[in-house]
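One structure is given here, and the rest of the page talks about it.
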Amino acid sequence: MMKTFFTPAPAGLNPEQLAARQERERHANNSIAILMSNGPAPSPEALAIMQRHVDGEISIEEAIELTDAMLLARYRPGGDSATSEPNPAR
């Protein structure tokens, strides 16, 4: 059985909902495996965003936007400066 980074599916999903959730979870787990083959696991914040996608709360596009915003907030003080360098203190 493949390792998952996500919580189990909630009870009460119909077969179609469960299949869609399992597909989102499979894609998310594959993405994490690829990331970890070249570096560390995603941050807890990034995993929380991905969990929301796996649970069907947000689309993959929304998950990408939220992750981008999180990274900009973390590494670019002010979030809109194209010349800011990553903050090594974080």
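Scanning region 57-73 for residues that are part of a loop (DSSP other than H, G, I, E, B) and surrounded by 13 or more Cβ atoms within 10 Å (Cβ to Cβ) gives a single hit, I58. Scanning region 1-42 for residues that are small (G, A, S) and closer than 22 Å to Y75 by Cβ, which turns out modelled with the lowest pLDDT? For region 1-42, the residue satisfying everything is A41. Might you let me know whether region 43-53 holds any residue that is at pLDDT below 90 and surrounded by 13 or more Cβ atoms within 10 Å (Cβ to Cβ)? Checked region 43-53: no residue is at pLDDT below 90 and surrounded by 13 or more Cβ atoms within 10 Å (Cβ to Cβ).
Can you tell me how many residues within region 1-12 are surrounded by 13 or more Cβ atoms within 10 Å (Cβ to Cβ) and either under 17 Å from I58 (Cβ atoms) or touching a strand residue (DSSP E or B) at 6+ places or on another chain (Cβ under 6 Å) (or both)? Residues flagged as surrounded by 13 or more Cβ atoms within 10 Å (Cβ to Cβ) and either under 17 Å from I58 (Cβ atoms) or touching a strand residue (DSSP E or B) at 6+ places or on another chain (Cβ under 6 Å) (or both) within region 1-12 amount to 3.
The values are calculated or read from the model by the stated rules, or taken from the named source; none is laboratory data. The model shown is predicted, which means the values in this text are computed figures rather than measured ones. A quick note on method: Cβ atoms are made from the backbone with ideal geometry, for glycine too, and the neighbour counts reach across all protein chains shown.
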